[in-house]
Amino acid sequence: MINGRTGTVTGTIGVGAYPDALAVSPQTGKVYVTNAAAGTVSVIDGKTNTVTSTIAVGAQPVGVAVSPRTGKVYVANANAGTVSVINGRTGAVTGTIGVGQFPQGVAVSPRTGEVYVVDHNSDNVSVINGRTGAVTGTIGVGTYPVAVAVSPRTGGVYVTNAYDNTVSVINGKTNTVTSTVGVGDQPVGVAVSPRTGKVYVTNFYDNTVSVIGMPR
């Protein structure tokens, strides 16, 4: 844990084997951590900073996201080719959704509630209806996509393509790729500033971060 005001480490929380990604619920403050080698998700109480439960999901859980609309938690299980859906209130797994090959990144649109799952080995993005849990479509992107982020300002979806050195930009209304932006060498992580709309991309082999301006 890092104090956001002072930048100091205030504590360490033990979780499962090979923790990979985490997400915080805007509704409850709970923190969800995927444990890739354990096939579980650790749930941390945001007030006490203690693990309150461990939830079994699919094989090699990596990406995780929480819906700001429903509080549902979506976990990408890479080796299972599935997404586990967790009820954020009860902690129960309420569904398992089949997607593409080796799903990694996952993000939820705050505007539509749709869930975007990056299928690393399928070179596409699966779109899940957040209300029904049905896969409503797949969007072709670049080679070996890794991560995905949704802009809270525009609803645009940004996907890093590691082997293309590009970012695919998806229109969140039509779910079609509207542009492809060249970035650095092997882009992996991506995040969107809720204040400015700028997109930040980490380039693994460049030791750089590319900045993409918000479209006008």
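The values are calculated or read from the model by the stated rules, or taken from the named source; none is laboratory data. No experiment lies behind these values; they were computed from the predicted model shown. Heads up, the Cβs are rebuilt from the backbone with ideal geometry, glycines too, and the neighbour counts pull from every protein chain shown.
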Restricting the search to region 19-41, which residues are touching a residue at least 24 places away in the same chain (Cβ under 8 Å) and under 16 Å from G71 (Cα atoms)? L22, A23, V24, S25, P26, Q27, T28, K30, Y32, V33, V41
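What residue, of A17, A59, A38, A21, is out of contact with any Lys or Arg (no Cβ under 6 Å at 6 or more places or on another chain) and either among the hydroxyl-bearing types (S, T, Y) or not in a loop (DSSP other than H, G, I, E, B) (or both)?
That would be A21, the only listed residue that is out of contact with any Lys or Arg (no Cβ under 6 Å at 6 or more places or on another chain) and either among the hydroxyl-bearing types (S, T, Y) or not in a loop (DSSP other than H, G, I, E, B) (or both).
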Residue among V51, V118 that is under 23 Å from V177 (Cα atoms) and part of a strand (DSSP E or B): V118
How many of the residues making up region 70-94 are assigned to a strand (DSSP E or B) and closer than 14 Å to V41 by Cα? 10
Condition test on Y74, is it of a type in the set (S, T, Y), more than 18 Å from Q101 (Cβ to Cβ) and under 18 Å from the mean Cα position of the chain (by Cα)? no
Pull up region 187-203, narrow it to residues that are under 21 Å from Y116 (Cβ atoms) and not aliphatic (A, V, I, L, M), then point me to the one that is nearest to the chain's Cα centre (by Cα). G189
Filtered residues of region 171-189 (kept if of a type outside the set (S, T, N, Q) and either in the same structural domain as Q104 (by TED's automatic domain parsing) or closer than 16 Å to T143 by Cβ (or both)): V177, V181, G182, V183, G184, D185, P187, V188
Scan region 121-130 and give yes if some residue there is under 27 Å from G95 (Cβ atoms), hydroxyl-bearing (S, T, Y) and either assigned by TED's automatic domain parsing to the domain that holds R69 or in contact (Cβ under 8 Å) with a residue 40 or more places away in the chain (or both), otherwise no. yes
Quick one: I97 ticks every box in (1) in contact with a Ser or Thr (Cβ under 8 Å, 6 or more places away or on another chain); (2) closer than 30 Å to T166 by Cα; (3) assigned to a loop (DSSP other than H, G, I, E, B) except a single one, so which number is it? (3)
Tell me yes or no: at least one residue of region 209-216 is free of Cβ contacts under 8 Å to residues at least 24 places away in the same chain, over 22 Å from H120 (Cβ atoms) and of a type outside the set (A, V, I, L, M, F, W, C). yes
So which of A80, A56 ends up being of a type outside the set (V, I, T) and surrounded by 13 or more Cβ atoms within 10 Å (Cβ to Cβ)? A80
Any residue at all in region 91-110 that's more than 13 Å from the chain's Cα centre (by Cα) and in contact (Cβ under 8 Å) with a residue 60 or more places away in the chain? no
